[in-house]
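For reference, the structure is listed below as structure tokens.
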Ligand code: GLN
């Protein structure tokens, strides 16, 4: 893509997948593209709209149990997002969206809901809600700084063999452990599969993690991007990582 074309960034169903300011992720992407001289447009796709398959990048946020079941039904029935993913379009999914893109999830009342099935994961209630700062060491090439966000979810997600985690947990819970299962010695957050990057981090996560924002942007644009300093971002990261007890933002081995 060149600087004459306009990057189209989708925000899917913000009325049901838009908790904790997650729609801000699209704004961060658009601003970081514009500051580098690219055109960028945010395309809001509502619950009753068809999902376009030709957007350059998709963002999906978190949601409450009842709201996310509406999104799950829509994703199963509308083929637009399936086609976009088949074409390799990058997608960022947060919390409820991570669950909804999976094979199935069980909500807090124990009701099992079929997911879109594009992530090889399943989710069950953890018993206790995970709330607080979440920091991970990234496990994705191109990311070197700790990922920071906050989590607030009841579900715990187990990854199948086609899915990899996004990060190793330094602080917080992340994917967690469904009730009745034995927790692993090492905890992980998020899911990587195909062109999807999913995480339990709100924040919005891209405001706190410009490296992740730029990785998504460079995948959408199809080129490496020059560095971009946005005033205040380093201070925000230092403050949030400090609040989580992570010294100087360094990733310990
Ligand atoms: N309703 C889901 C859960 O509690 C997701 C919550 C969220 O998106 N923050 O696990």
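A short reminder: the numbers here are calculations on the coordinates, not readings from a lab. Only a predicted model underlies this, so the values are computations on that prediction, with no experimental measurement involved. Every residue, glycine as well, gets a Cβ built from its backbone with ideal geometry; the counts of neighbours run over all protein chains shown.
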* To do: Could you check residue 68 against (1) part of a helix (DSSP H, G or I); (2) within 16 Å of the ligand (Cβ to nearest atom); (3) under 26 Å from residue 221 (Cβ atoms); (4) in contact with a helix residue (DSSP H, G or I) (Cβ under 7 Å, 6 or more places away or on another chain) and say which number it fails?
  => (3)
* Asked: Is at least one residue of the range 33-42 more than 16 Å from the ligand (Cβ to nearest atom), without any contact (Cβ under 8 Å) to a residue 24 or more places away in the chain and more than 19 Å from residue 157 (Cβ to Cβ)?
  -> yes
* **Enumeration of residues in the range 93-107 that are closer than 22 Å to residue 212 by Cα, within 12 Å of the ligand (Cβ to nearest atom) and not in a strand (DSSP E or B)** => 95, 96, 97, 98, 99, 100, 102
* Which residue, of 46, 115, 110, is at negative phi, out of contact with any helix residue (DSSP H, G or I) (no Cβ under 6 Å at 6 or more places or on another chain) and either free of Cβ contacts under 8 Å to residues at least 12 places away in the same chain or more than 11 Å from the ligand (Cβ to nearest atom) (or both)? -> 46
* Total residues in the range 131-153, condition surrounded by fewer than 22 Cβ atoms within 10 Å (Cβ to Cβ), touching a residue at least 60 places away in the same chain (Cβ under 8 Å) and within 16 Å of the ligand (Cβ to nearest atom) -> 3
* Asked: Filter the range 167-194 for residues that are buried (at least 24 other Cβ atoms within 10 Å of the Cβ) and closer than 20 Å to residue 104 by Cα; which is nearest to the ligand (Cβ to nearest atom)?
  -> 176
